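Visitor: The structure follows.
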Amino acid sequence: MKARGAAATPNEGSSGMSERKKLTLPALYEKMAAGVPLTMVTCYDYPMAYLIEEAGVDIVLVGDSLGMTILGYDSTLPVTMEDMIRHAQAVRRGTPNAWLVGDMPYMSYQASDESAVLNAGRFMAEAGCDAVKLEGGREMADRVRAVTRAGIPVMGHLGLTPQSAASLGGFRLQGKSAAQAKKIVDDADALVEAGCVAILLELVPDRVCGLITERTGVPIISLGSGPHAHGQLLIFHDMFGLYPKFTPKMAKKYGDAGKVIADGLRQYVAEVTGGVFPEPERYFGMKDQEYEELLKMLEREGKR
Ligand code: KIV
């Protein structure tokens, strides 16, 4: 099975921020129904969000992966709601028109329905998100129901769920055996039944992703789960060589911004230490008369 609508039309207004229309949930479903593959990337800050808006990306995830990509932790677990809200606000300012998903960090929803609703509500009220994402299957159905009942759209996240990497045996392919794959299919059904409006499938075999795409009726987004989905997600820092520790196999590099920046910084150090920077055109002078007057003033006060 191939992803439908291979001859995709880009978002309206992908040529510029001002021409683009706000992507709503119904519009997202229309795209899915028309077979137009959906694009999704992670984003954590204003300048990148601005570029993402310009490129016409459909869905932007402010992922708790920012714990690793931005804050330098070894996992996503230390990320707080305050971290997420601050970054989601910045991203929203850069991309007013993408469908913005706030990723619920570790322990912001696991403990109770009430904590899930209150924290999901913060993403909507304080950061202007269009939806929230939370990790987990059947065991999270009650949370999904509670947040949905509060009028907040929820994206589910199955397969490799980084917040439970410890119990999944690390960052590895999920659903390799028939029994494990069946559990993921059942989890997807449970999430849809509970009200999820979309599901992200991370690192599951392509045909398992295809089966779920065929059966659920909600947009299925693949991260490393192959082409048989309604859309694709990539982690921004993997796409552009900005995460120094590792690049997962599923990531495709679309540019090496990390190298561009590293080269530029090395050149800057060489130019400053070599007396090349700043060049005369990059700073400002002062009229001789004013400068001489300044010297006299300093002399009068014994400061020279
Ligand atoms: O935080 C994140 O960026 C995510 C992706 C790994 C899907 O949840």
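The values are calculated or read from the model by the stated rules, or taken from the named source; none is laboratory data. No experiment lies behind these values; they were computed from the predicted model shown. We place every Cβ from the backbone using ideal geometry, glycine too, and count neighbours over all the protein chains shown. Ligands, DNA and RNA are excluded from the accessible area calculation, which covers all protein heavy atoms including side chains. Shrake-Rupley method; radii C 1.70, N 1.55, O 1.52, S 1.80 Å.
Visitor: Taking the range 38-78 as the search range and keeping residues that are part of a helix (DSSP H, G or I) and small (Gly, Ala, Ser), which one is most open to solvent (accessible area, probe 1.4 Å)?
Guide: Of everything passing the filter in the range 38-78, Ala55 is most open to solvent (accessible area, probe 1.4 Å).
Visitor: For the range 245-304, how many residues meet the condition of being closer than 30 Å to Gly72 by Cβ, aliphatic (A, V, I, L, M) and in contact with a Lys or Arg (Cβ under 8 Å, 6 or more places away or on another chain)?
Guide: Total satisfying the criteria: 0.
Visitor: Looking at (1) crowded, with 24+ Cβ neighbours inside 10 Å; (2) closer than 23 Å to Arg145 by Cα, which is the only condition Met81 fails?
Guide: Exception for Met81: condition (1).
Visitor: In the range 203-232, what residues are part of a strand (DSSP E or B), in contact with a Ser or Thr (Cβ under 7 Å, 6 or more places away or on another chain) and either open to solvent by less than 20 Å² (accessible area, probe 1.4 Å) or more than 16 Å from the ligand (Cβ to nearest atom) (or both)?
Guide: Ile220, Gly231
Visitor: Take Leu242 and tell me if it is aliphatic (A, V, I, L, M), out of contact with any Cys (no Cβ under 7 Å at 6 or more places or on another chain) and outside any loop (DSSP other than H, G, I, E, B).
Guide: So Leu242 fails the test.
Visitor: What are the pairs with Cβ atoms under 8 angstrom where one residue, in the range 216-244, is closer than 15 Å to Lys31 by Cβ and the other, located anywhere, is basic (Lys, Arg) and open to solvent by 20 Å² or more (accessible area, probe 1.4 Å)? Sequence gap at least six, or different chains.
Guide: His230/Arg4
Visitor: Determine whether Ala198 is farther than 19 Å from Gly175 by Cα, of a type in the set (Gly, Ala, Ser) and in contact with a strand residue (DSSP E or B) (Cβ under 6 Å, 6 or more places away or on another chain).
Guide: yes
Visitor: While we're on this one: For the structure I just gave you, tell me whether Gly35 is among the small types (Gly, Ala, Ser), at pLDDT 95 or above and open to solvent by less than 20 Å² (accessible area, probe 1.4 Å).
Guide: Taking the combined requirement at face value, the residue satisfies it.
Visitor: Any idea how many residues of the range 40-70 are out of contact with any strand residue (DSSP E or B) (no Cβ under 8 Å at 6 or more places or on another chain), more than 12 Å from the ligand (Cβ to nearest atom) and of a type in the set (A, V, I, L, M, F, W, C)?
Guide: Final tally of qualifying residues: 3.
Visitor: If Leu242 meets every condition in (1) out of contact with any Ser or Thr (no Cβ under 9 Å at 6 or more places or on another chain); (2) surrounded by 13 or more Cβ atoms within 10 Å (Cβ to Cβ) apart from one, which number is that one?
Guide: Status for Leu242: all satisfied but (1).
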